[in-house]
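Reviewing the structure listed below.
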Amino acid sequence: MAVNRMFRTCPTTGLKFHQPADALIRWNAVVGVVALLVGGILALLVTLTRWQTVHLLAPDAFYMVLTGHGLNMLVFWIIFFEIAVLYFAGSTLLNCRLAAPRWAWAGFWLMVIGWLMNNYAVFVRQDSSVMFTAYAPMGAHWTFYLGLILFAVGALIGCFVFFATLAVGKSERTYNGSVPLVTFGALTAAIIAVFTIASGAIILIPTFLWSIGMVPTIDSLMYRHIFWAFGHSSQQINVSAHVAVWYAGAAILFGAKPMSEKVSRTAFLLYILFITIASAHHLLADPGLTSKWKILNTSYAFYLAVLASMVHGLTVPGAIEVAQRQKGFNKGLFEWLRKAPWGNPVFSSIFISIIGFGFLGGISGVILGTEQLNLIMHNTFYVPGHFHATVVLGTTMAFMGITYFLIPVLFRREMAFPGVAKWQPYVFGLGMTVFSLFMMGAGTLGVPRRHWDVAFSGNPLGFEFPRHRVADDRTDGDRRCARGRGRCDVPAGHRLLGVPRQEDRDARLPARAGARWRRAGADRFGGRIAHRDRRRGHARLVRLGHVRPGDRVPGGLRAVLLHQLEVPVHRLAAEVTLRKRRQPRAQRHPHASGDLAREGGGQVPRERSSADGNGSTTQEMRRWQASPKPHLPGPAPGGPPIGRSPRLRRWSGCSSCASGSSSGSPPSPGSR
Amino acid sequence: MAEKNQPLAYEEIPEEPEPFMQQLLDNPWMLLFLGVVVPTVLYLIWGVMEIVSVPIAP
Ligand code: HEM
Ligand SMILES: [Cu+2]
């Protein structure tokens, strides 16, 4: 078969496009942008549901839409566009014909079929709301998995077309020796893609067979482990691809040359070697894998990859600076930056991408990838906060920028609405920055990800956020204030943004930053804030006979009781309630800032005394469990009044300071 | 060899072997091999070994 050697030269840029490559780049990019549009509409629905005041969708619809959002964005939009980037970097930048265009088209159509099939499973069949992670044993319809598999196979074909193009270019001598840096970045992405897609096949094919009944079970830990070799590594394809786009942007806009090819390429090599194994950060909270495996694969490897990202994040602006200074923008430290084309969406998108990815995405990624911190924030809203900073602010923004460049080049058209195009990167970038930051904030306060209802209404088990949580539900906030204190002095703005009141801040002065983090973890198990479901939880306890109707049970204890409904704790509750009545309020709740403010106290002793620490509490509980308990309804005649013993102070104390109440003396064995 | 302060004429530059790193970075197949093997060993195989060594509950 004759090889198509038709090239077209772009009149404005001088780039030479091989005809099939030209068409393939356009089609892949356009389908990608359609997926982005679909995903964007779904994003709106997701966000309007998670915004508690609006709470748009019903739970079923929410999880369905969230599944579609994750897949259309993270998988379909990004990978379609990346295939376009590969063909551009392989063929156009090397002046080389695209190898095997038929294979490339076959891959493209497989991807399209896979994309449609997967969306069919999610939105038409509506029985596959398993999120993009699709953790087994949660099962979706077989078309869901088959769609993903077809898509992955198509993308794999695309990668090999790219590799073959490099080989063709070498043998036809369209480049000598080293490929250009942008192509090298694309090569990095393609290499990571091969590992990624192979891992995807390893896990998705058995899962597909399981969905049609040919495989009996899928081990859930094994699924998670191998899935993330696919799910996370694909994010690293994004990173490599968007870094390549950064370099391309610097070259296109400023004619900038990389500051050091050696350093930049070595940084890409670090990606190739180490970035994929950082997938292990998704399993940091899983049992069954050792810390050795976790730490080597995350911290050690991850830091090398992070080093590489920092190199790129500095050399790209550095290269721009050099190019600008050569043009004479030499005044002061920053004239080169001030005189950059801020009105050009190609530049502004890429610049926002560099800053956003580096500062927000990168830093939060290092935080989440640290085993000890991950345990606090795993599966909270912090996680989507982090990856929207990387994958939206970083990757999507960069791809948007290069799209602004490619539209005139590929379609030979003027950009419509140039004024809108000028603003779009700023609006999108600013929005995403704020959005990511606040998701992270909510996450540190314990707001879970993937949850239809932050308030957990209807749950048997009450869930209470720390007091300065993101109180996005205004009425809830009002009711809470009215109930708790008989007055409402939280300014609306504070309530909305979750800013602690001044008194709260004062109360926390001695123990600011570190303690806040700790508390974010501890508080999940019962902070002090009443919420909408407090009554329901209480009613359930009463119904089950654990508490008498009139008793007031402290929040933390209620959670414990509800957790352990099978444990006979009736008397414990009664006694604790008694004790609480006897204790002055300020002692019970050292953090009750209202009281503190009244007493002029700001200094809250927060240190754990050794006897009051965790270990001893467990022992206390054991001892208590072992002791004779002539309980069951009614006061025990002769038995020791359990609740009066200081050893139970832990349970009666303010549970949002995990160290227990600060009043009284530390419990000693045998004390009453 | 030419004197220190006299630049070499083009033909006189001795053929240096390509540095190792450059050879590596210019070899996409080698990079592909490394990029697949390293995570396969460190992440996949090691991880699977650890998971299968966890006893299954009866
Ligand atoms: C355009 C603006 C966007 C908005 C407003 C938005 C909003 C959201 C929200 C609120 C969630 C959290 C859902 C939850 O955990 O309950 C979410 C999840 C997610 N978003 Fe976005 N998103 C946007 C763009 C993107 C883009 C461009 C990508 C990928 C390239 C993306 C990928 C994801 C993924 C993978 C999830 C997780 C889904 C899951 O947990 O299964 N988003 N998005
Ligand atoms: Cu990840």
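The values are calculated or read from the model by the stated rules, or taken from the named source; none is laboratory data. Because the structure is a prediction, the values reported are computed rather than measured. No Cβ is skipped: glycine too gets one built from the backbone with ideal geometry, and neighbour counts run over all protein chains shown. Side chains are part of the model used for accessible areas, which takes the heavy atoms of the whole protein and leaves out ligands, DNA and RNA. Shrake-Rupley method; radii C 1.70, N 1.55, O 1.52, S 1.80 Å.
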Amide N proximity, the range A:88-122 versus residue A:167 label position 7 Å along Cα-to-Cβ, cut-off under 20 Å: A:88-108
10 Å Cβ neighbours from other chains, averaged over peptide A:266-278: 4
In nm, spacing of pseudo-spin labels at residue A:335 and residue A:53 (7 Å Cα→C-beta vector): 4.8 nm
Dipole in debye (nearest 20) - the range A:19-231, about Cα centre, beta carbon charges: Lys, Arg +1; Asp, Glu -1: 340 debye
Accessible area that becomes buried as A packs against B, both chains, 1.4 Å probe, Å², nearest 100: 2600 Å²
Estimated inter-spin distance, residue A:359 and residue B:29, nm [label 7 Å along Cα→Cβ]: 4.6 nm
Ordering of A:256-264, A:181-189, A:313-321, A:83-91 by burial proxy (mean other Cβ atoms within 10 Å per residue, highest first): A:83-91, A:181-189, A:313-321, A:256-264
The range A:167-183 - phi-based ³J(HN,Hα) in whole Hz, Karplus 6.51/-1.76/1.60, Gly and Pro as x: 5, 4, x, 5, 6, 8, 6, 7, 9, 10, x, 8, 6, x, 4, 4, 5
Residues with amide H under 5 Å from that of residue A:447, placed H, sequence gap 5 or more: A:381
The range A:19-231: equivalent-ellipsoid semi-axes (sqrt of 5 x gyration tensor eigenvalues, Cα, Å): 34, 20, 14
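Taking every residue in B:26-38, how many Cβ atoms of other protein chains lie within 10 Å of its Cβ, on average?
On the way: counts 6, 0, 12, 4, 0, 9, 9, 1, 4, 15, 8, 2, 8.
Counting other chains' Cβ atoms within 10 Å and averaging over B:26-38 gives 6.
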Karplus-derived 3J(HN,Hα), 6.51/-1.76/1.60, for each residue of the range B:19-30, Hz, glycine and proline x: x, 4, 4, 5, 4, 5, 5, 8, 10, x, 6, 5
Listed residue (A:162, A:49, A:132) projecting farthest to the positive dipole end of the range A:46-171, Cβ model: A:162
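Could you tell me the relative contact order of the range A:19-231? Use alpha-carbon pairs under 8 Å, at least six residues apart, and round to a whole percent. Present the calculation step by step, with values, prior to reporting the outcome.
Details: 304 pairs, mean separation 47.3, N = 213.
RCO, the range A:19-231: 22 percent.
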Shielded by partner chains, the range A:169-188 residues - at least 30 Å² of accessible area, 1.4 Å probe, vs chain alone: A:178, A:184
Peptide B:46-55 - average C-beta neighbours from other chains (10 Å radius): 6
Order by protection proxy (mean Cβ within 10 Å, highest first), peptides A:199-208, A:302-311: A:199-208, A:302-311
Separation in nanometres of the label points that stand 7 Å from Cα toward Cβ, at residue A:325 and residue A:416: 4.4 nm
Dipole magnitude of the range A:244-453, debye to nearest 20 (Cβ charges: Lys/Arg +1, Asp/Glu -1, about Cα centre): 560 debye
Two-site FRET efficiency, residue A:19 against residue A:214, from Cβ-Cβ distance with R₀ of 45 Å, rounded to 0.05: 0.55
Above-threshold pairs, the threshold being 30 Å between Cα atoms, out of A:16/A:327; A:170/A:257; A:257/A:292; A:16/A:257; A:257/A:339: A:257/A:292
Contact order normalised by residue count of the range A:224-364, Cα under 8 Å, 6+ apart, percent: 29 percent
